[in-house]
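These notes are about the structure you will find just below.
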Amino acid sequence: MWKKLQWPKTMTGLPSTSGTTASVVIIRGSKMYVAHVGDSGVVLGVQDDPKDDFVRAVEVTQDHKPELPKERERIEGLGGSVINKSGVNRVVWKRPRLTHNGPVRRSTVIDQIPFLAVARALGDLWSYDFYSGEFVVSPEPDTSVHTIDPQKHKYIILGSDGLWNMIPPQDAISMCQDHEEKKYFMGEARQSCARMLVGRALGRWRQRMLRADNTSAIVICIAPLRERGRWDSDEELVLNLAEGPSYSSPDASSLTPSRCCTPPLKVRALCVPLLPPLAPWGNQNIAGDWGVLLETPDLSIHISVSCCYS
């Protein structure tokens, strides 16, 4: 990260305090590859018995909290520390006192600031330890691989802590299940699952009279192809890893040319237009709200995205 960009310092000349959690899900064939840093969790909805409508929530990721034994051991092994402040365990920022000028020496007074409530993230250059050459707040992700069965796996939810702090995983899966049933069987609930979850999370923040944390959700609804029926659009979506999506009608003579050596993946698709923004609340803003439907030879996948930032 140091080599890619000259990150701006803070107003007091200290290393950048900017950082982010990250969760990535890649579905290739029947495999789901997951990588994450921080506390933006990934949850899988599993229907164990096809005769039982209950879909249980399985937490695919574990939040990288400083109090976890393996994280605390790693942090302390790099010369860092963890302090509990107001009931929250935080990684300590060891920095020279703000009144200090000149090089840091053994006699320099070092303040210990309980700072970050996650043990891994991208960015957070303040946590770089020059003695070990490592980031105390690690950018290294945990990874896992899972086999997806559309007969039993129904939902994948990626959410930031603003979502999970208000809506437990099992509640989120049940909400998506109820929402989908109303949409497809009763012709109700036109908004996406992601937008619904973000809206309900913001409502719970409001009920508690708290300032809402950044709240984002991606919901992937999985079903065997035969359950979704035909598409409402004749467009085709061409997915190209190098250039992004382009569109072609069935009558088009050729697709958008690709500079990528990887052949484009052509799937039947319906792009859902941007939905009207949620009603603003305080200084909260909706940064995005969109969805896409993908149809492969084996699966029908509906992906919806909604996010709110403060």
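Collect the residues in region 42-98 that are under 28 Å from T10 (Cβ atoms) and of a type in the set (D, E, K, R), keeping them in residue-number order.
Hits for region 42-98 are D63, K65, E67, E71, R72, R74, E76, K85, R90, K94, R95, R97.
Given (1) crowded, with 22+ Cβ neighbours inside 10 Å; (2) of a type outside the set (S, T, N, Q); (3) over 30 Å from E67 (Cβ atoms); (4) more than 22 Å from the chain's Cα centre (by Cα), identify the lone condition not met by C193.
Checking C193 against (1) crowded, with 22+ Cβ neighbours inside 10 Å; (2) of a type outside the set (S, T, N, Q); (3) over 30 Å from E67 (Cβ atoms); (4) more than 22 Å from the chain's Cα centre (by Cα), the one that fails is (4).
Any idea how many residues of region 10-30 are at pLDDT 75 or above and over 30 Å from H146 (Cα atoms)?
Selection size over region 10-30: 7.
Taking the stated definitions as given, is R56 in contact with a helix residue (DSSP H, G or I) (Cβ under 8 Å, 6 or more places away or on another chain), surrounded by 13 or more Cβ atoms within 10 Å (Cβ to Cβ) and not hydrophobic (A, V, I, L, M, F, W, C)?
yes
What do you reckon, is P69 at pLDDT 95 or above and either of a type in the set (S, T, N, Q) or out of contact with any Phe, Trp or Tyr (no Cβ under 7 Å at 6 or more places or on another chain) (or both)?
yes
Inside region 36-70, can you point out the residues that are under 14 Å from P168 (Cα atoms) and among the charged types (D, E, K, R)?
D39, R56, E59, D63
When region 53-73 is examined, which residues are found to be over 24 Å from the mean Cα position of the chain (by Cα) and under 18 Å from Y128 (Cα atoms)?
If the condition is that a residue be over 24 Å from the mean Cα position of the chain (by Cα) and under 18 Å from Y128 (Cα atoms), then E73 is the only one that fits.
Would you check which residues across region 29-52 are under 13 Å from the mean Cα position of the chain (by Cα) and outside any strand (DSSP E or B) and list them?
Across region 29-52, the qualifying residues are G38, D39, S40, G41.
Would you confirm, using the coordinates I've provided, whether P168 is over 15 Å from T21 (Cα atoms), modelled with pLDDT of 95 or more and not polar (S, T, N, Q)?
yes
Residue by residue, here is whether (1) surrounded by fewer than 13 Cβ atoms within 10 Å (Cβ to Cβ); (2) of a type in the set (F, W, Y); (3) more than 15 Å from F115 (Cβ to Cβ) holds:
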position: P8; (1), (2), (3): yes, no, yes
position: G13; (1), (2), (3): yes, no, yes
position: G41; (1), (2), (3): no, no, yes
position: V46; (1), (2), (3): no, no, yes
position: V82; (1), (2), (3): no, no, no
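List every residue pair whose Cβ atoms lie under 8 Å apart, where the two residues are 6 or more positions apart in sequence or sit on different chains, the first residue falls within region 189-212 and is closer than 16 Å to C176 by Cα, and the second residue, located anywhere, is surrounded by 18 or more Cβ atoms within 10 Å (Cβ to Cβ) and of a type in the set (D, E).
S192/D289; C193/E180; A194/D289; R195/D289
The values are calculated or read from the model by the stated rules, or taken from the named source; none is laboratory data. Keep in mind that this is a model prediction, so the values were computed, not measured. Every residue, glycine as well, gets a Cβ built from its backbone with ideal geometry; the counts of neighbours run over all protein chains shown.
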